[in-house]
1. Which of the trypsin sites (Lys or Arg not before Pro) across the range 90-120 are loop residues per DSSP, with 10 or fewer other Cβ within 10 Å?
2. Report the antiparallel proportion of the DSSP beta bridges in the chain as a percent, rounded to a multiple of 5.
3. So how much slack lies between D66 and S144, counting 0.36 nm per residue of separation and subtracting their Cα-Cα distance, in nm?
4. Show me, for the range 177-186, the HN-Hα J-couplings you get by feeding each phi into the Karplus relation (A = 6.51, B = -1.76, C = 1.60, θ = phi - 60°), rounded to Hz, glycine and proline as x.
5. So what's the gap between the Cα centers of the range 55-100 and the range 148-195, to the nearest angstrom?
6. Testing the spin-label approximation: label points 7 Å from Cα along Cα→Cβ at A136 and I217. State their distance in nm.
7. Once you charge only the Cβ atoms, +1 for Lys and Arg and -1 for Asp and Glu, what is the size of the charge dipole of the chain about its Cα centre, to the nearest 20 debye?
8. Show that you can apply the helix-only estimate: for the chain, add -39,500 (n - 2.57) for every DSSP H stretch of four or more residues, divide by all residues, and state [θ] at 222 nm to the nearest 500.
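Where a number appears in this text, it was derived from the coordinates with a stated rule and is not lab data. From a predicted model like this one, the values you see are computed outputs, not experimental measurements. Every residue, glycine as well, gets a Cβ built from its backbone with ideal geometry; the counts of neighbours run over all protein chains shown.
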Amino acid sequence: MNAVTPESAATSPDRLRLTEIFLSLQGESRSIGWPTVFVRLTGCPLRCQYCDTAYAFHGGQWWDYDGILAEVAGHGVRHVCVTGGEPLAQKRCIGLLQRLCDAGYEVSLETSGAMDIAEVDPRVSRVLDIKTPGSAEVERNLWSNIALLTAHDQVKFVICSREDYDWAKAMVAEHRLVERCEVLFSPSFSQVRPRELADWIVADRLPVRFQLQLHKILWDDEPGR
Ligand code: SF4
């Protein structure tokens, strides 16, 4: 990877700390299955109990926008996903998203739901987590984000138990989420059997999309896949 040098990073006004940039298949959300370049920003203020990217909490390297754009272009695909950690924890993420959109990519953003999404470029498809009680971070949900969601966005619940499912179902109704955007329910990998969650959704005729994380099935969550 071509990070900026430590000297230029110190002075660059558009630098970001990145854990990795890699090519894989999109494992979730509306773009599932597309070859996608992932730009993983370093750092997250949350500590969800099921987090599978704790390796992105610390470390990383400084990159500037031009370096990131060049690396992304080198992979030769149309879809780019900016993720983390929590990408919006770095303010310059907003400028990066704009640059990627300007360059003509299909850009998605995976965010924890704890940060304000108001400044995100409207061309970006935002995949916003709503943290359930079972995540251990439910109090971090920034509910004012809900009013900003459009049909271009998605919200995602990672379900850790039947109690989580019932809570998520209540939130979908209370915030009329289905009228705003697509709603995804995904099982927390080792905590709810996928079939159990699928059966609950079908039994309730809940208008949400069940999804399994493709990259966990294909690559067992190896970093960089
Ligand atoms: S918000 Fe995402 S990256 Fe941060 S702790 Fe939760 S699952 Fe991990």
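1. K91
2. 30
3. Full extension from D66 to S144 adds 24.8 nm.
4. 3J(HN,Hα) across the range 177-186, in whole Hz: 5, 5, 6, 8, 6, 6, 10, 10, 10, 10.
5. 26
6. Result for the modelled spin labels: 2.8 nm.
7. 240
8. Roughly -7500 deg cm²/dmol at 222 nm, from the helical runs in the chain.
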